[in-house]
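**Q** Have a look at this one.
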Amino acid sequence: QVQLVESGGGLVQPGGSLRLSCAASGSIFSYATVAWYRQAPGKQRELVASLSSGGNTNYTDSVKGRFTISRDNAKNTVYLQMNSLKPEDTAIYYCNLKWYVNYYWGQGTQVTVSS
C-alpha cells in the first residue's frame, strides 16, 4: 500500500512562486511514474506534469516553461516548482503515483493565485 502526502500549497500573488512536495511511503517509488494533477472549481482534473522512473518528463502546454517536476528517490519525494504563477493556476493540486495498473493519489493541496 502506498500513501502520498502533499504539502506546500497556499496563497500567492500573480507572478510569484511555490514549491509543492509529495512524500510517498513504500518501496516502489523509484520504479514508478510520478505526476501532478490539478482540479479547478467546476473543471475536470487535468494532468499538469509527469516524470517517469527513467527521467522522461511531460507537461501540459499551459505550464511549460513555468513549472518543473522533479524527484528525489532517496527521500521518496516528488516536487513541483511553480514559477510565474497566474490566477488560472488556482486549483487543488494532487500528487499521483502510477505502478503498473495501480494508481495512488494524495489528498490534495490548495494553490490560490490572487492579488
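The values are calculated or read from the model by the stated rules, or taken from the named source; none is laboratory data. Predicted, not measured: the structure shown is a model, and the values here were computed from it. In this analysis, Cβ positions are derived from the backbone assuming ideal geometry, glycine residues included, and neighbour counts consider all displayed protein chains. Just so you know, the surface numbers come from the protein's heavy atoms only, side chains and all, with ligands and any DNA or RNA stripped out. Shrake-Rupley method; radii C 1.70, N 1.55, O 1.52, S 1.80 Å.
**Q** Determine the pairs where a residue that is at pLDDT 95 or above, located within the range 54-65, has a partner that is open to solvent by 90 Å² or more (accessible area, probe 1.4 Å) and not aliphatic (A, V, I, L, M) with Cβ atoms under 8 Å apart, the partner being 6 or more residues away or on another chain.
**A** That search, which allows pairs on different chains as well, returns SER62/GLU88.
Conditions tested, residue by residue: (1) in contact with a Lys or Arg (Cβ under 7 Å, 6 or more places away or on another chain); (2) at pLDDT below 95.
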position: VAL78; (1), (2): yes, no
position: GLN81; (1), (2): yes, no
position: LYS86; (1), (2): no, no
position: THR90; (1), (2): no, no
position: TYR93; (1), (2): yes, no
position: TRP99; (1), (2): no, yes
position: GLY108; (1), (2): no, no
position: VAL113; (1), (2): yes, no
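**Q** Now for a different question. Considering each of SER7, SER30 in turn, give the residue that is touching a residue at least 40 places away in the same chain (Cβ under 8 Å) and either closer than 18 Å to VAL111 by Cα or among the acidic types (Asp, Glu) (or both). Please lay out each step first, then the result.
**A** Working: SER30 fails: either closer than 18 Å to VAL111 by Cα or among the acidic types (Asp, Glu) (or both).
SER7 is the lone residue from the list that is touching a residue at least 40 places away in the same chain (Cβ under 8 Å) and either closer than 18 Å to VAL111 by Cα or among the acidic types (Asp, Glu) (or both).
**Q** Can you list the strands (runs of 3 or more DSSP E) lying wholly within the range 68-115 that have 3 or more residues being touching a Pro at 6+ places or on another chain (Cβ under 8 Å) and not small (Gly, Ala, Ser)?
**A** On the way: elements: 77-82, 91-99, 102-105, 109-113.
In the range 68-115, no matching strands (runs of 3 or more DSSP E) lie anywhere.
**Q** Among the residues of the range 23-48 satisfying the criterion of being among the polar types (S, T, N, Q) and in contact with a Lys or Arg (Cβ under 7 Å, 6 or more places away or on another chain), which is surrounded by the fewest Cβ atoms within 10 Å (Cβ to Cβ)? Before you say what the answer is, go through the steps one by one.
**A** From the range 23-48, those among the polar types (S, T, N, Q) are 25, 27, 30, 33, 39, 44; that's our starting set.
With the extra rule that they be in contact with a Lys or Arg (Cβ under 7 Å, 6 or more places away or on another chain), the set shrinks to 33, 39.
Values: THR33: 17, GLN39: 14.
Filtering first and then ranking leaves GLN39.
**Q** State whether the residues of the range 59-66 include one that is closer than 15 Å to SER17 by Cα, assigned to a loop (DSSP other than H, G, I, E, B) and open to solvent by less than 40 Å² (accessible area, probe 1.4 Å).
**A** Taking the range 59-66 and keeping what is closer than 15 Å to SER17 by Cα, we get 63-66.
Subsequent filtering for residues that are assigned to a loop (DSSP other than H, G, I, E, B) retains 64-66.
Retained after the next criterion (residues that are open to solvent by less than 40 Å² (accessible area, probe 1.4 Å)): 66.
Scanning the range 59-66, I find at least one residue that is closer than 15 Å to SER17 by Cα, assigned to a loop (DSSP other than H, G, I, E, B) and open to solvent by less than 40 Å² (accessible area, probe 1.4 Å), so the answer is yes.
**Q** Any idea how many residues of the range 8-22 are open to solvent by less than 60 Å² (accessible area, probe 1.4 Å) and under 11 Å from the mean Cα position of the chain (by Cα)?
**A** 5
**Q** I've got another one for you. Filter the range 49-58 for residues that are open to solvent by 60 Å² or more (accessible area, probe 1.4 Å) and assigned to a strand (DSSP E or B) and give the result. Give the steps one after another, and end with the answer.
**A** Just the residues of the range 49-58 that are open to solvent by 60 Å² or more (accessible area, probe 1.4 Å), to begin with: 53-54, 56-58.
Correct list: THR57, ASN58.
**Q** Scan the range 80-103 and report the pairs whose first residue is under 21 Å from LYS64 (Cβ atoms) and whose second residue is open to solvent by 60 Å² or more (accessible area, probe 1.4 Å) and among the hydrophobic types (A, V, I, L, M, F, W, C), with Cβ atoms within less than 7 Å and a gap of 6+ or a chain change.
**A** TYR94/TRP105; ASN96/TRP105
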